[in-house]
1. Quick one: in the stretch 21-35, which of the residues that are of a type outside the set (A, V, I, L, M, F, W, C) and in a loop (DSSP other than H, G, I, E, B) is farthest from Leu186 (Cα to Cα)?
2. Conditions: (1) buried (at least 24 other Cβ atoms within 10 Å of the Cβ); (2) under 18 Å from Val27 (Cα atoms); (3) not small (Gly, Ala, Ser). Thr199 meets all but one. Number of the miss?
3. Here's a check for you: in the stretch 71-88, which residue that is surrounded by 19 or more Cβ atoms within 10 Å (Cβ to Cβ) and among the charged types (D, E, K, R) is farthest from the chain's Cα centre (by Cα)?
4. Which pairs do you get when a residue that is polar (S, T, N, Q), found in the stretch 38-52, comes within reach of a residue that is part of a helix (DSSP H, G or I) and surrounded by 17 or more Cβ atoms within 10 Å (Cβ to Cβ), reach meaning Cβ atoms under 9 angstrom, with the pair 6+ apart or on two chains?
5. Could you please let me know if Ala213 is small (Gly, Ala, Ser), under 22 Å from Asp68 (Cβ atoms) and crowded, with 18+ Cβ neighbours inside 10 Å?
6. For the stretch 37-70, enumerate the residues that are over 21 Å from the mean Cα position of the chain (by Cα), small (Gly, Ala, Ser) and buried (at least 21 other Cβ atoms within 10 Å of the Cβ).
7. Identify all residues within the stretch 117-145 that are closer than 17 Å to Ala43 by Cα and either of a type in the set (D, E, K, R) or part of a helix (DSSP H, G or I) (or both); write none if there are none.
8. Only one residue in Pro203, Pro161 is touching a Gly at 6+ places or on another chain (Cβ under 6 Å) and part of a loop (DSSP other than H, G, I, E, B), so which one is that?
Amino acid sequence: MTTTTTPVEELSAPPQPTGQAPQATVVTVSGAPDSVEGWRQLAREHRTAFRAAQPWPHLAIDGLFDADRIGQALTEAQDAASRGLKHTRNTTFVKEESSTLPGPVSQQLVDTLDGEGYAAFLEELTGTTGLHADTTHYNAGLHVTPQGGRQGIHLDFRVHPETHEHHRVVTLLYLSPNWTAADGGLLELWHPSMKRQPTEVMPQAGRLVLFEAHGGTPHGLPNPVTRPAGRVALATHHYNDEPSARPKGLWAIGGRPRRPQDPWRYLLPDTKEAFLAVGARAPKPLQRLLFDRFGGKTSTPAATAPEAPKA
């Protein structure tokens, strides 16, 4: 089943990426830790790099998962895409997604990122306590940016529309191999002023990138993907009971971050985002009313993913 969440509007056509912008610092590890303390130690080793990263704290990691498993997960994702995913097409996003993982290997990878050890890693790295994964994978799971697809620079949602917990950390695990700047779709991390050159993250297969979700972390992939097979990633979100830093100015009422080359209308609040922005600061009863009306529900594709093998 295919759904379109918003009417199609004309998309801006930003220049193609050159790969000449500052590149994110990437740390390389040899496999995922096998204990909670191992994850904490990994965070302590790279906490300085995370906090020093520009334009705001983030971390890119290679080597957590072996190439064979990443390749198998990509095959599962491509098979799921052929069966149909949820489509979104509007002025900010052209993407396909499913909150259901596409197969057993993808499920195992995400289970690691949803686990106690990785949550401990994020807490040690960011200094944010009480983190836990959303195993329903609202706005997470499988993300496919098809050829011609893009994601305008944006701020992530701040409150889960069903649990009403606060969204704190984003994790992306890329699956598409041998990515180059010519393929488009590089992740851009922008300073809140939107005036400095962004930092780019090359979405190489097996690379994990994580950052905090709050009002000062504008990001996206504004340059369209040119690769025919699209750009494929797995995504998870972590939450807690404490609100993160609020957006400022027009961003606080649903306005979108605007790059110098973007149309001025990007500054105007999107109606849905404006209601959700208000809801994020509203009392719980009003919050539930606004999210039930404008937040939507976790998406589920028509096709059912194969069951994960039992241990």
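1. Ser35
2. Among (1) buried (at least 24 other Cβ atoms within 10 Å of the Cβ); (2) under 18 Å from Val27 (Cα atoms); (3) not small (Gly, Ala, Ser), Thr199 violates only (1).
3. Here is the first cut: in the stretch 71-88, the residues surrounded by 19 or more Cβ atoms within 10 Å (Cβ to Cβ) are 73-74, 76-77, 80-81, 85-86.
The next check asks that each one be among the charged types (D, E, K, R); those that pass are 76, 86.
Details: Glu76: 19, Lys86: 16 Å.
So the residue we want is Glu76.
4. Note: pairs meeting the criteria are Gln41/Glu124.
5. Values: small (Gly, Ala, Ser): yes; under 22 Å from Asp68 (Cβ atoms): no; crowded, with 18+ Cβ neighbours inside 10 Å: yes.
So Ala213 fails the test.
6. none
7. Listed by number, the residues that qualify are Gly117, Tyr118, Ala119, Ala120, Phe121, Leu122, Glu123, Glu124, Leu125, Thr126.
8. Pro161
The values are calculated or read from the model by the stated rules, or taken from the named source; none is laboratory data. Quick caveat, the model's predicted, so the values are computed rather than measured. Backbone-built Cβ (ideal geometry, glycine too); neighbour counts: all protein chains shown.
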